[in-house]
Amino acid sequence: MVRLWCSSALRRKPHSTFKAFGSPRNLNRWVVRVLVLMVVSTTLVKLALVSRIQDPSETSGRNLLLIRPAVVDRSEKPERVAAEDGGRAGKILQDQSLVIPLIPSPLPVKRSSGGGQDLDEIWRKPRSDNYQKCIDRLHKEIRKGNVSANGYILIQANGGLNQMRTGVSDMVAIAKIMNAALVLPSSNDPSDAKSIFDWKHFIKALEGDIQVVESLPAQFARTRPFLTAPASWSKSIYYKGHMLALLKKHKVIKFIHTDSLLANNGFTFSIQRLRCRAMYNALHFVEKIKELGGVLVNRLRNNGQPYIALHLRYEKSILAFTGCSHNLSSSEGKELQRLRQRTRQWKKKRIRGEERRLHGECPMTPREAAVFLEAIGYPSPSTKIYIVAEEIYGHEGLRAFHAKYPNTYSLSTLATEEELKPFKRFHDQLAALDYIVALESDVFTYTFDGLTAKAIRGHRALEGFRKTISPDRRGFARLIDEFDKGKLGWEKFSSEVKKLHKNKIGAPQYREVGASPKSEEYFYANPYPGCVCDDYS
């Protein structure tokens, strides 16, 4: 109506148009009315346009992008894809980085593992946002170069790889407590410590803490060291008193064993941090071990898949030591018993194995380990697993495990004969390769809580609390027995196993203090507190 009136007014002659308005007062009223109409019309148009625009959250729910990034097939090795298409895959990945979504990106799609389990969740590491590694020495703790030592300590690096590592780390702390110089250790094993660890790096890394020498100085070269066996699980006062008096008297003493020398708790933070610096910053593997370890990790991840490292302790020696023979044949059980009888240092000769198993003191069998992983939610048969183990005992071997998880690797199947040749005769060097692969895994779990499992668990905690599942062997033995007897269906069994391990995935937890130092949680298995700090402390 306004349009018709305005057009007719414009068709008139100018003087007649102005005449139609009458007085100037009428003209002013007309202008005001036109302006009001224009404002109302503009508002109505804006409202109409806004109502037709989609809600961003609704659009993102439909997973729409103005430009869709290309998808690269990851079923083959990346280098092979790049070679076959002349570098097209690399170009696609570069192009993807230029795509800017103009609406919010959708949340990651939850992938099911077959039983309703979210695959992202079973691989995700536990929350540890407020925690960080704190093992650096403070400025006031730096050793003064002109401080003379009270004497020299020689050590025998006894035991396997992780006994050596933890023992040497304790000795570094003891040398600091006693203000002693540490002489580089020797070992009984033909794969001695100097062929496993980079000793030049060790000396350099600790020069701000203690004096480390490769051999005794000339004035003590002919000195016969005083041999002593320190009391296990001791605190600072023992080394500042009795042991320091011996050192000052003899000047050179030799510890004939190094494992479990220090208590887990009761030390200053500076000493606890030093233990961790020695263990994780100073004791580096030699270059050839690090290089092959890195190659093996890359092979396991060649198609972008995560992997589990499983420390499967089902060797003859560990079964004989624990007295466990569950699922073994009668003849195999008798063989283990004979081994117990022949081993002089094992004081208890007769053990009720089944009773120990129900108390959680036996290693899981290979079949139990496979059922455990499947119950936790790792899909069979697709999950990639690296087994850290020596020769599996028993006529069944790994048959039951491979039946559920055929995508399984070990050092002998992942590395070539040529690659393993330099390491073949040296047990502890092979163990060091296993250690690297286990440390770098997406998930680590174990069937028996031995020193290797403890060392890897603690190292993974220090490196950002990487996911580590600590089996409740007592609870699991009860559940799997009920499952095998038909008292529990699979869904109920799996649900109970998951519930049992909900809070056993390697999240930050204070180290447990026990009634005695030996019964406490092991320091190197859980370096918090001491080597891990949180924002609230």
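The values are calculated or read from the model by the stated rules, or taken from the named source; none is laboratory data. The structure presented is a predicted model; accordingly, all values stated were derived computationally and were not measured. In this analysis, Cβ positions are derived from the backbone assuming ideal geometry, glycine residues included, and neighbour counts consider all displayed protein chains. The accessibility values were calculated without ligands, DNA or RNA, using every heavy atom of the protein model including side chains. Shrake-Rupley method; radii C 1.70, N 1.55, O 1.52, S 1.80 Å.
It is to be established whether one or more residues within the range 335-347 are modelled with pLDDT of 95 or more and open to solvent by 20 Å² or more (accessible area, probe 1.4 Å). Looking through the range 335-347, none of the residues is modelled with pLDDT of 95 or more and open to solvent by 20 Å² or more (accessible area, probe 1.4 Å). For the range 289-326, filtered to residues that are of a type in the set (F, W, Y) and part of a loop (DSSP other than H, G, I, E, B), the residue that is farthest from Q345 (Cα to Cα) is Y307. Filtering the range 454-485 to residues that are of a type in the set (D, E), open to solvent by 50 Å² or more (accessible area, probe 1.4 Å) and not in a helix (DSSP H, G or I) leaves only E463.
Every residue, every condition in (1) β-branched (V, I, T); (2) under 16 Å from L182 (Cα atoms); (3) under 36 Å from the mean Cα position of the chain (by Cα), yes or no:
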residue	(1), (2), (3)
E207	no, yes, yes
S215	no, yes, no
R222	no, no, no
F226	no, yes, no
H242	no, no, no
A245	no, no, no
K248	no, yes, no
I256	yes, yes, yes
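Candidates are the residues of the range 436-447 that are open to solvent by less than 10 Å² (accessible area, probe 1.4 Å) and either assigned to a helix (DSSP H, G or I) or free of Cβ contacts under 8 Å to residues at least 60 places away in the same chain (or both); the one that is farthest from K288 (Cα to Cα) is A438. Tally the residues that are of a type outside the set (A, V, I, L, M, F, W, C) and part of a strand (DSSP E or B), restricting the search to the range 229-274. The number of residues fulfilling the criteria is 2.
Checking each residue in the range 148-181 for being under 17 Å from K249 (Cα atoms) and part of a strand (DSSP E or B) picks out Y152, I153, L154, A181.
So is S325 touching a Leu at 6+ places or on another chain (Cβ under 7 Å) and more than 23 Å from E463 (Cβ to Cβ) or not? Yes.
Based on what the data block shows, is G266 open to solvent by 10 Å² or more (accessible area, probe 1.4 Å), touching a residue at least 12 places away in the same chain (Cβ under 8 Å) and within 20 Å of the chain's Cα centre (by Cα)? Answer is no for this residue.
Of all residues in the range 400-432, those satisfying the criterion of being in contact (Cβ under 8 Å) with a residue 24 or more places away in the chain, open to solvent by 70 Å² or more (accessible area, probe 1.4 Å) and part of a loop (DSSP other than H, G, I, E, B) are P406, R425. Cβ separations smaller than 7 Å between residues 6+ apart or across chains give the following pairs from the range 336-348 residues that are among the charged types (D, E, K, R) to residues that are part of a loop (DSSP other than H, G, I, E, B) and surrounded by 10 or more Cβ atoms within 10 Å (Cβ to Cβ): R340/G323; R340/W346; R340/K349.
Tell me which residues, restricted to the range 130-147, are more than 28 Å from the chain's Cα centre (by Cα) and either in a loop (DSSP other than H, G, I, E, B) or on the phi > 0 side of the Ramachandran plot (or both).
Filtering the range 130-147 for residues more than 28 Å from the chain's Cα centre (by Cα) gives 139-147.
Those that are more than 28 Å from the chain's Cα centre (by Cα) and either in a loop (DSSP other than H, G, I, E, B) or on the phi > 0 side of the Ramachandran plot (or both): I142, R143, K144, G145, N146, V147.
Checked against (1) part of a loop (DSSP other than H, G, I, E, B); (2) hydroxyl-bearing (S, T, Y); (3) touching a strand residue (DSSP E or B) at 6+ places or on another chain (Cβ under 7 Å), Y393 passes all but condition (3). Evaluating A369 against the criteria (1) surrounded by fewer than 20 Cβ atoms within 10 Å (Cβ to Cβ); (2) assigned to a helix (DSSP H, G or I); (3) of a type in the set (A, V, I, L, M); (4) in contact with a Leu (Cβ under 7 Å, 6 or more places away or on another chain) leaves one unmet condition, (1). Applying the set (1) more than 25 Å from L283 (Cβ to Cβ); (2) touching a residue at least 60 places away in the same chain (Cβ under 8 Å); (3) acidic (D, E) to D484 leaves exactly one unmet item: (2). Restricting K110, K125, K200 to those that are at pLDDT 90 or above, within 29 Å of the chain's Cα centre (by Cα) and farther than 15 Å from A278 by Cα reduces the list to K125.
If you take the residues of the range 500-515 that are free of Cβ contacts under 8 Å to residues at least 40 places away in the same chain and under 14 Å from P471 (Cβ atoms), which of them is least open to solvent (accessible area, probe 1.4 Å)? For the range 500-515, the residue satisfying everything is L500.
Looking across the range 348-366, the residues that are open to solvent by less than 80 Å² (accessible area, probe 1.4 Å), within 16 Å of I480 (Cα to Cα) and part of a helix (DSSP H, G or I) come down to R356, R357, P366.
For the range 318-334, the set of residues classified as in contact with a Phe, Trp or Tyr (Cβ under 9 Å, 6 or more places away or on another chain) and open to solvent by 40 Å² or more (accessible area, probe 1.4 Å) consists of F321 only.
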